[in-house]
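Chemist: Okay, handing you the structure first.
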Amino acid sequence: MSLRPLWEDDTASTHKNKNSDYSALLAMAVGISQIKNIDTMARKFLKENYAVMLFHYDGNVDGWRHLEWSDKAIHILAHNQTKWWFAKRFLHPDVMAIYDFIFLWDEDLGVENFNPRRYLDIMVSEGLEITQPALDPDLSTDIHHRITIRNKMAKVHRRIYDNRPSMNCSDESKGPPCTGWVEGMAPVFSRTAWKCVWHLIQNDLIHGWGLDMKLGYCAQGDRTEKVGVIDSEYVVHQGIPSLGGPSLSSKTPRRSLDLRTHIRRQSSAELEKFKERWNRAVREDEGWRDPFDS
């Protein structure tokens, strides 16, 4: 995805930092209402000479032109589509092969305490294939799963402990939501893991519900070791529903609320379809054995 000049230019950059051994891409579905936050995020990645790709779901591309880095980013427009829809169509593994890591993030993440280069250093040193940054529990407004909460005493954690009957997470746990799991809001994939994950994404199930529970199958080994949450480089989840939510100039918040309800219903329906397809594939592939089946 590197932009190439129309004429020879020795100063044209590639997306590999001369101070780093990694190349990386940050890809996000974005709306103009989040421009200030995304500006902060993009600057952090571009500073490390990583690539930035913005999927514009609200149709507004011109509104980004005044940002000094806008011409360095890739802009793709399709109205009212999710990041999973975009990823399936524009992040094919053959095209992504130039990148060592893919950040497929939501737009409402605060990155004041996040450094992408240090993050990848940790990911590599820990032997992780699929990760996410931990969430700051004090500032994040939308935390759904305990395993995503930052452990201030750790650099990385791969599991949680919870003796409640609904969780029952212990050293004996072998899978989600206790271990081997990250959430869909801010996943980071190695090149090899992404090649698997891309095929796992269903072309018509655009909300991605259910994917998170199966990502461990793409971890290139034991998901309890290869999947983790990085605590020392953490983010804030602001929980701002932009896609399908009210715009800055919206005068009909009730209609936006109704749209969010429809989106959640659609997401739930897609989750059931995803489960059905997974189970059918397991039944039909007689030679497949679940590597995590205890």
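Chemist: Of the listed peptides 98-104, 134-140, what is their order by residue-averaged count of other C-beta atoms within 10 Å, with the highest listed first?
Modeler: Top to bottom by mean Cβ count within 10 Å: 98-104, 134-140.
Chemist: Of Trp64, Trp84, Trp105, which is the most mobile in a GNM of the chain whose springs link Cα atoms less than 10 angstrom apart?
Modeler: With Cα springs under 10 Å in the chain, the top fluctuation among Trp64, Trp84, Trp105 is at Trp64.
Chemist: Ok, one more. Let me know the shape class of the range 75-133, please: from the alpha-carbon gyration tensor, a ≥ b ≥ c as square roots of the eigenvalues, rounded when a/c is under 1.5, otherwise prolate if a/b is greater than b/c, or oblate.
Modeler: Here the range 75-133 falls in the oblate category.
Chemist: In deg cm²/dmol, rounded to 500, what helix-only [θ] at 222 nm does the chain give when every DSSP H run of at least 4 residues adds -39500 (n - 2.57) and the total is split over its residues?
Modeler: My calculation for the chain gives -8500 deg cm²/dmol from helical runs alone.
Chemist: List the aspartates and glutamates whose Cα sits under 20 Å from the Cα of Lys44, skipping any in the same chain fewer than 8 residues away.
Modeler: Lys44 reaches Asp21, Glu68, Asp71, Asp100, Asp106, Glu107, Asp108, Glu112, Asp121, Asp136, Asp231, Glu233.
Chemist: Report the FRET efficiency, 1/(1 + (r/R0)^6), for Asn113 and Leu67, where r is their Cβ-Cβ distance and R0 is 22 Å, rounded to 0.05.
Modeler: Computed FRET efficiency for Asn113 and Leu67 comes out at 0.45.
Chemist: State log₁₀ I(q)/I(0) for the chain at q = 0.06 Å⁻¹ as given by the Debye formula over alpha-carbon point scatterers of equal weight, solvent excluded.
Modeler: One equal scatterer on each Cα of the chain leads to -0.19.
Chemist: Considering only Cα-Cα distances, which of the following residue pairs are longer than 20 Å: Lys72/Lys195; Lys214/Lys275; Lys47/Lys88; Lys47/Lys72; Lys174/Lys226; Lys88/Lys195?
Modeler: Violating the 20 Å Cα-Cα cut-off are Lys72/Lys195; Lys47/Lys88.
Chemist: Hey, another quick one. Using θ = phi - 60° and the Karplus relation 6.51 cos²θ - 1.76 cosθ + 1.60, list the HN-Hα couplings for the range 129-136 in order, rounded to whole Hz, with x at every Gly or Pro.
Modeler: So the Karplus estimates, Gly and Pro as x, are 9, 9, 9, 8, x, 5, 9, 5 Hz.
Chemist: Then there's this: Magnitude of the Cβ-charge dipole of the range 94-222, K/R +1 and D/E -1, about the Cα centre, nearest 20 debye?
Modeler: 400
Chemist: Next question, about the same structure. Is the C-alpha gyration tensor of the range 140-252 telling us rounded, prolate or oblate? Criteria: a/c under 1.5 is rounded; beyond that, a/b larger than b/c is prolate, otherwise oblate.
Modeler: Oblate, because a/c is 1.5 or more while a/b does not exceed b/c.
Chemist: Something else: Would you mind classifying the range 1-140 by shape? Square roots of the alpha carbon gyration tensor eigenvalues, ordered a ≥ b ≥ c; an a/c under 1.5 is rounded, otherwise it is prolate if a/b is larger than b/c and oblate if not.
Modeler: rounded
Values quoted throughout were computed directly from the atomic coordinates according to the rules given, and no laboratory measurement underlies them. Bear in mind the structure is a predicted one, so any value in this text is a computation, not a measurement. We place every Cβ from the backbone using ideal geometry, glycine too, and count neighbours over all the protein chains shown.
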